[in-house]
Each structure stands twice: as structure tokens, then as C-alpha cells.
Amino acid sequence: MVWAAPFYSPPPPQDDAPSFSGDGELGYTNLSGNTNSETLIAKIRLNWLTGLWTHRLRGEAKSVVKDSDTSAEQYLLSARERRDLEGPHYLFGFARWEKDRFSGYDQQFTMIAGYGRTLLDEETRWLALETGAGYRLDDLEDEAKRRLGVAYGAVDGGWYFSETASLSQELSLEVTRRELTTRSLTALTAHLNSHLALRLSHEIKHNSSPPDEAEAHTDLTTSASLLYQW
């Protein structure tokens, strides 16, 4: 069983893979007392197969409220396509919409296409690389829209160190003439049964040159959540 990676094209389907599958992730914390805070992280991914094609839809929402003030609010929607070629090779493409209230952007829309190769596909280990290029539209809060070319690279790897537990690491780079955007997700997943799992994850998003209105260059999210797969 391989949980859907958020940054990359879906892994090659196994021979007995269902034609339609999905998973949802939910994390919530509420602290009260000297500090009142509420954190919500919700993610959903849907996958389906048609011949050599694998399709995926993904949605995410994150919100942090501390002492009645919102300190983080992020939304993401994406669609991905993977077309398997002979051997470990494949082609991919994706479109992604993002809205981050404190990033300095009103919203961003990105389209990328490229080539991927599976370097390791074993029962307990996997590793894949992707490279591509595309286009990004930045809608800034107080400026004209920016249209930028993007060079893209990504790596996805992991290890099943027991029948019920796995460690995964995902990293992507998006380079434009203005900045470098780095995304990283490290996750430890423990399966409770065939449908439920617990996940501890640490996610990093870094922009080397964000707009002046941005709160910071780097967003860090550490979460514990419950996953359900069908």
C-alpha cells in the first residue's frame, strides 16, 4: 500500500489496484487557558485509473486561530495526470491553485508538465524523480499580475520498515527568474487497519524572495492527523 504523495505524480498502480480510490486526512487541536488556539488541517485525495493513465484530484485547507486572531489560512486545489511509458518511465502534468492569506499573494496558479522515472520500486522501498517546466500566474494583492516561466524538479522516496509503518520524504523545487520555491514533506505513518492510519508529518514551504507584504519566507507545519483510505 502506498499513500498518495501530495507533490508528485501518482505511483504506478499495482496489478490488483482498484479503478477508483481515495484518502482523507484530518487533524484538529484546541487549546484553552492562558492561551486559546485552534488548528485545523484537512486534506482529501481522489485517484482513478483508465488504461495507462492515472488521474488525481487533491484539496487541502489549513487554519490557525490564536486568541481570536487568525495567524494562518491556506487553501489548495490541484489536478494531476500520469501516463505510464515502457519500463520505469512516465510523463506527467499538473495544474495547481493556491491561496495563502499571509503569503503576500492574493492567489497563485501553476501548470507544469514533464518526465518522471521510477528509480526504485520494491516491496519495502521506493524512489522516483521528476523534472519538467511550465508556467505560473501570480496575483498579487497591490500590484499587477506576474506571468513567470517555471523550471521544476522533484524527488519522492520512502521506506516501509514494518508491515504497518512507513517513513516518506518528498521534496520539490520550482525556479523562476524571481525566486526559488522549495516544498518538503516528511511523514511517519502507522496503519491501524486496512482503512485507518495515524500520521505525524512536518511540512516546509520556503520562498527565497516573497512579496514585501509576506509575513515570512518560510512556512512550517507540524501535525498529527488521522487518515482514512477507501
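The values are calculated or read from the model by the stated rules, or taken from the named source; none is laboratory data. Not measured: the values here are computed from a predicted model. Cβ placement follows ideal geometry from the backbone for every residue including glycine, while neighbour counts extend to all protein chains displayed. Accessible surface areas use protein heavy atoms only, side chains included; no ligands, DNA or RNA. Shrake-Rupley method; radii C 1.70, N 1.55, O 1.52, S 1.80 Å.
Choose one answer from ASP106, ASP142, ASP84: the residue with the largest mean-square fluctuation in a GNM of the chain with alpha-carbon springs under 10 Å.
ASP142
Which sequence of TYR75, TYR28, TYR90, TYR160 reflects their accessible areas, 1.4 Å probe, from the largest down? The partial results should precede the final answer.
Values: TYR75 95, TYR28 120, TYR90 5, TYR160 30 Å².
Highest to lowest solvent-accessible surface, that is TYR28, TYR75, TYR160, TYR90.
Would you please classify the overall shape of the range 105-193 from the alpha carbon gyration tensor, given that a ≥ b ≥ c denote the square roots of the eigenvalues, rounded means a/c under 1.5, and beyond that prolate means a/b larger than b/c while oblate covers the rest? Write down the numbers at each step before the final one.
Details: a/c = 3.81, a/b = 2.09, b/c = 1.82.
Prolate, because a/c is 1.5 or more and a/b exceeds b/c.
With a cap of 16 neighbouring Cβ atoms within 10 Å, and only residues DSSP puts in a loop, list the GluC sites (Glu not before Pro) found in the range 94-123. Mind showing how you got there, number by number?
On the way: sites: GLU98, GLU122, GLU123; in loops: GLU122, GLU123.
Answer in residue order: GLU122, GLU123.
Considering the chain as a Gaussian network with a 10 Å cut-off on Cα pairs, which listed residue, LEU76, LEU171, LEU85, attains the greatest mean-square fluctuation?
Largest GNM mean-square fluctuation: LEU85.
Before I look further, what does the range 40-176 give for accessible area per residue, probe 1.4 Å, in whole square angstrom?
Values: 6990 Å² over 137 residues.
I get 51 Å² per residue for this part.
Roughly how many Å² of ARG101 are accessible to a 1.4 Å probe, to the nearest 10?
Approximately 130 Å² of ARG101 is accessible to the 1.4 Å probe.
Of all the accessible heavy-atom surface of the chain, with the other protein chains kept in place and a 1.4 Å probe, what percent is carbon and sulfur?
Numbers: 7120 of 12280 Å².
Here carbon and sulfur together make up 58 percent of the probe-accessible area.
Taking each pair of distinct Cα atoms in the chain once, what is the resulting Kirkwood hydrodynamic radius in Å? Let's see the in-between values first.
Working: mean 1/r = 0.0535 Å⁻¹.
After inverting the mean inverse Cα-Cα distance, the result is 18.7 Å.
Cα to Cα, under 18 Å, and not fewer than 8 places away if on the same chain: which aspartates and glutamates meet these conditions relative to LYS145?
LYS145 reaches GLU98, ASP100, ASP106, GLU179, ASP212, GLU213.
Accessible area of PHE109, 1.4 Å probe, to the nearest 10 Å²?
For PHE109, solvent-accessible area is about 80 Å².
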